[in-house]
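S.K.: Have a look at this one.
The values are calculated or read from the model by the stated rules, or taken from the named source; none is laboratory data. This structure is a prediction, so every number in the text was calculated from the model and none was measured. A quick note on method: Cβ atoms are made from the backbone with ideal geometry, for glycine too, and the neighbour counts reach across all protein chains shown.
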Amino acid sequence: MYKKIAACTVAALAALSAGAVQAQESPWMVRARAVYLSWDNGNADGLQNAGVGTVSADKRWIPEVDISYFFTKNIAAELVLTYPQDVDIKTAALGGIGHVQALPPSLLLQYHFTDLGAFKPYVGLGLNYTIFTKDSFNTALGKVSVDGSSWGLAAQVGMDYAIDKKWSINLDAKYIQMDTDVKLGGTKIGKLDLNPITYGVGIGYRF
């Protein structure tokens, strides 16, 4: 009788201990990535006929940091951050005409697949809010400016490969809707659809 009680007690304590260990696992994860920005460089509303030719932005590498919070082992929210990035603007007719600065934080809701061992792929969907600063410059045709902000959808696919319980290697790709009206001398002459696809590689740390 006493042996059965003792055995049940040990089993209960073991279960509670396992639950406590699981509960102590932090829901926070931080990643740092090197990201390649590949702009869509679409043009709309007559930019090609505004006397400047096709307008496009240069592709570039940027640093990126994201902070994730896991509500469950499968569901997480990710805040994607970087510092304001210079977007060099060039035209087919005039070459480089100036640059604007874009600060593009994104917030995504993710689903993580956790039944594949160290390999943990995920998908995400959310919103991007881009703030354009230093949003005007002078050209031979006059002052060119863009809108101050842009809202758009953001979608991602990626994977973490766990090195140990805390560290992981990360690969990530996103599509971000980002566009802005382009004005010449205060008059709208078209819209620049930036809509970048980003390709990132980095490391993650689970607290």
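S.K.: Could you tell me which of the residues Asp147, Asp164 is of a type in the set (D, E, K, R) and either crowded, with 18+ Cβ neighbours inside 10 Å or touching a residue at least 24 places away in the same chain (Cβ under 8 Å) (or both)?
M.R.: After ruling out the rest, the residue left standing is Asp147.
S.K.: In the range 93-120, how many residues are touching a Gly at 6+ places or on another chain (Cβ under 8 Å) and polar (S, T, N, Q)?
M.R.: Result for the range 93-120: 2.
S.K.: Name the single residue that is surrounded by the most Cβ atoms within 10 Å (Cβ to Cβ) among those in the range 181-207 being touching a Phe, Trp or Tyr at 6+ places or on another chain (Cβ under 8 Å) and farther than 15 Å from Ala57 by Cα.
M.R.: The qualifying residue surrounded by the most Cβ atoms within 10 Å (Cβ to Cβ) is Gly200.
S.K.: Then there is this: Name every residue in the range 91-113 that is assigned to a strand (DSSP E or B), of a type in the set (A, V, I, L, M, F, W, C) and modelled with pLDDT of 85 or more, in order of residue number.
M.R.: Matches in the range 91-113: Ala102, Leu103, Leu107, Leu108, Leu109.
S.K.: Now a separate question. Tell me which residues, restricted to the range 114-148, are assigned to a loop (DSSP other than H, G, I, E, B) and either in contact with a strand residue (DSSP E or B) (Cβ under 7 Å, 6 or more places away or on another chain) or among the hydroxyl-bearing types (Ser, Thr, Tyr) (or both).
M.R.: Result: Thr114, Ala118, Lys134, Asp135, Leu141, Asp147, Gly148.
S.K.: For the range 114-146, which residues satisfy the criterion of being more than 13 Å from the chain's Cα centre (by Cα) and modelled with pLDDT of 85 or more?
M.R.: Thr114, Asp115, Leu116, Gly117, Ala118, Phe119, Lys120, Pro121, Tyr122, Ile131, Phe132 - these are the residues of the range 114-146 that are more than 13 Å from the chain's Cα centre (by Cα) and modelled with pLDDT of 85 or more.
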